[in-house]
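The values are calculated or read from the model by the stated rules, or taken from the named source; none is laboratory data. The shown structure was predicted, so the numbers you read here are calculated from the model rather than taken from an experiment. Every residue, glycine as well, gets a Cβ built from its backbone with ideal geometry; the counts of neighbours run over all protein chains shown.
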Amino acid sequence: MAATKTDHHRFRHLRSPALAALVVLLAGAACGSDDTGAATGSGGASRVVEVEMVDIAFEPATLTVAAGEEVTFRFTNTGVVPHDAFVGDEDAQADHEQEVGDDAGMHHGDEEEDAVTVAPGKTGTLTHTFDETGTTVIGCHQPGHYEDGMSVDVTVT
Ligand SMILES: [Cu+2]
């Protein structure tokens, strides 16, 4: 009887390390394939730039990107009010500010491509390729925010 018990224990002890090794192998394989996937994915995908939205500012407030480079901005709103991000030069920012003020929301359909609104605690992405070198702007056009300086100066090199 005692022998059977011992054998049984030994058997279980033998299996456990084998299982542990298998788990380690699987975990390693999963990590490996994740890395490979990310590397492969980034081949033709955009560079991701993290930008924080606070009340009331973008952080960082200045960015440098390369001309022709597709950039995906990931905006994380850590403030308590919604913020948005609209890409365009100073003239476009002024136009956008006026449109938003003139008829709130009426032109939203036209603006989706280069603008995103991010609710508090949320993250929103905006992908843009900057074709020309120079400077441009990402501005927030929630009422009063752009006036208060909620914008990012983007240098395209
Ligand atoms: Cu804002």
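Out of the residues in region 45-74 that are outside any strand (DSSP E or B) and in contact (Cβ under 8 Å) with a residue 40 or more places away in the chain, state the one that is farthest from the ligand (Cβ to nearest atom).
At the first step, the residues of region 45-74 found to be outside any strand (DSSP E or B) are 45-46, 55-56, 60-61, 66-69.
With the extra rule that they be in contact (Cβ under 8 Å) with a residue 40 or more places away in the chain, the set shrinks to 46, 56, 60-61, 66-69.
Values: Ser46: 23, Ile56: 5, Pro60: 15, Ala61: 13, Ala66: 27, Ala67: 27, Gly68: 29, Glu69: 25 Å.
Applying the filter and picking the extreme gives Gly68.
Considering Gly144, Gly139, the condition of being within 11 Å of the ligand (Cβ to nearest atom), within 13 Å of Val51 (Cα to Cα) and at pLDDT 95 or above is satisfied by Gly139 alone.
Working only within region 84-96, note down all residues that are within 12 Å of the ligand (Cβ to nearest atom) and within 11 Å of Ser151 (Cβ to Cβ). Within region 84-96, Ala85, Phe86 qualify.
Give region 137-150 a look and list any residue that's crowded, with 21+ Cβ neighbours inside 10 Å and in a strand (DSSP E or B), or say none.
Filtering region 137-150 down to residues crowded, with 21+ Cβ neighbours inside 10 Å leaves 138-141, 145-146, 150.
Result: Ile138, Gly139.
Scanning region 94-125 for residues that are at pLDDT 95 or above and of a type outside the set (Gly, Ala, Ser) turns up Val116, Thr117, Val118, Pro120, Lys122, Thr123, Thr125.
Residue pairs whose Cβ atoms lie under 7 Å apart, sitting 6 or more positions apart in sequence or on different chains, and linking a residue in region 133-147 that is under 13 Å from Ala61 (Cβ atoms) to a partner that is part of a loop (DSSP other than H, G, I, E, B) and away from the ligand (no atom under 11 Å from the Cβ), are Val137/Asp89.
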